[in-house]
Amino acid sequence: MPQMIDHIDAIARKKQRDALFVTFTDDPSGEPSPYDWESHPGRAVIIEWLDTHGYAWQPCGEVADERMMVSYRGSIYIDVPYDLADPRYRALEAFLEHPDGSLRMPHMRFLVIGLDYANRNAHHDEPGFWDRWAERF
């Protein structure tokens with residue numbers, strides 16, 4: 001069944017806060033991934049961990065860009081505030097990163113989009129914006 005997948009910047013605007021997400025297309029060095037998102041072993045491990053520990057998550061697109069159309073690449077939004085004092089954030093960070101900040105799993109990135117950056121695309125929230133965009137694409 002088709003589903004609507006929000007871009008991470010739209011999620012940040014809806015939540016009115018910075019938003020955490022994980023992508024699976026490149027590793028931190030920028031090398032191409034040998035996996036597609038559906039078979040990415042790290043993605044399955046992360047989703048299992050999130051579910052087991054009671055974290056809400058949802059598929060998300062990366063930052064919306066009017067200059068291109070990109071299919072879903074497996075990214076997920078994790079519904080926990082980016083707050084270093086929050087024990088849930090710290091547990092998530094400890095699961096995804098080593099103490100030195102390097103990632104525990106290859107070919108994934110753990111990211112945060114700031115609300116200020118996400119608000120640059122606030123015009124995308126206007127009714128009918130994406131329908132008009134698609135007609136011109």
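What follows draws every value from the coordinates through simple rules; no lab data is involved. Predicted model, so just to flag it, every value in this text is computed and none were measured. All Cβ positions, glycine included, derive from the backbone under ideal geometry; neighbour counts span all protein chains shown.
What to note about this one:
- For the chain, share of DSSP beta bridges that run antiparallel, in % to the nearest 5: 95
- Taking a point 7 Å out from the Cα of His123 in the direction of its Cβ, the residues of the range 63-96 whose backbone N falls within less than 16 Å of it are 64-68.
- Proximal charge balance of Ala134 [Cβ under 15 Å; K/R count +1, D/E count -1]: -2
- Ordering of 118-129, 52-63 by burial proxy (mean other Cβ atoms within 10 Å per residue, highest first): 52-63, 118-129
- Degrees between helix 87-96 axis and first principal axis of the chain (Cα, 0 to 90, nearest 10): 80
- Percent of Cα pairs in the chain per distance bin of 10 Å, from zero to the largest separation: 11, 40, 35, 12, 1.
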